[in-house]
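Here's the structure we're looking at; comments come further down.
The values are calculated or read from the model by the stated rules, or taken from the named source; none is laboratory data. Keep in mind that this is a model prediction, so the values were computed, not measured. Neighbour counts run over all protein chains shown; Cβ positions are idealised from the backbone, glycine included.
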Amino acid sequence: MTDQDLHDDYRGAGFSGRLGFGRKPALLVIDFAKAYLDKASPLYAGVEDTLASTCRVLEASRAAGIPCIFTRVVFEQGLFDGGIFYRKVPALWVFDSTCPFGQLADDLVPEPDELVISKNYASAFFGTSLAATLTASGIDSVVLTGVTTSGCVRATGVDAMQNGFVPIVVEEAVGDRDERPHRANLFDLGAKYADVVHEDEVIDYLKDLSS
């Protein structure tokens, strides 16, 4: 079965519907830490192009005046506050609070009025106040960028939908350490949980919001 056959099969079965852009979005920059960009890190993922796309979407989001929210994984006592996740993935030591790999990428510096959410697990919603914050601000949709597609991006996209926010995944602005899980998870997100949209379409949408 070719990729096109697969897409056609899913659409024919009733998957891959389009949710559409929301009226009041927020941008989520998910876990874009130095750990994914520094070759000395065990989590290095070669996602420099993903970072460049994320920076462009962030710039357009700021110009549109929408909320920009950053997430980062932080462990104070790894095996205690990281629990089974930390045991399952020993490389998560890079997110110990004293490790420089856990800091956000140099190109992604939050503005003073932009929220940074610290979390212990994959989803930006799990164990955090994100859903309440978005609801209180009247947000109806979230534009998702960051890493990794198969991990925290996917988990956040699924939880966004389950919490009542339309997830818009920017295809070029999410990345993974290997193209195979990246593509497989983009496909699954697009089929069942989110709209997977190209960067240029998202930026055009954000420009329309600011006009």
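Some points to look at:
- Screening the candidates ASP159, ASP140 for the property of being surrounded by fewer than 18 Cβ atoms within 10 Å (Cβ to Cβ), modelled with pLDDT of 95 or more and not β-branched (Val, Ile, Thr) yields one hit, ASP140.
- Pairs with Cβ under 6 Å, 6+ apart, first in the stretch 170-187 and within 23 Å of ALA60 (Cα to Cα), second assigned to a strand (DSSP E or B): VAL170/THR145; GLU171/VAL196; ALA173/THR145; GLY175/VAL147; LEU186/VAL196
- The residues listed here are ALA52, ALA60, ALA45; of these, the one that is assigned to a loop (DSSP other than H, G, I, E, B) and modelled with pLDDT of 95 or more is ALA45.
- The set of residues from the stretch 181-211 being among the small types (Gly, Ala, Ser), outside any helix (DSSP H, G or I) and modelled with pLDDT of 95 or more comprises just one member, ALA194.
- Leading residue by the ranking (surrounded by the fewest Cβ atoms within 10 Å (Cβ to Cβ)) among those in the stretch 97-128 that are over 16 Å from GLN162 (Cβ atoms) and hydroxyl-bearing (Ser, Thr, Tyr): THR98
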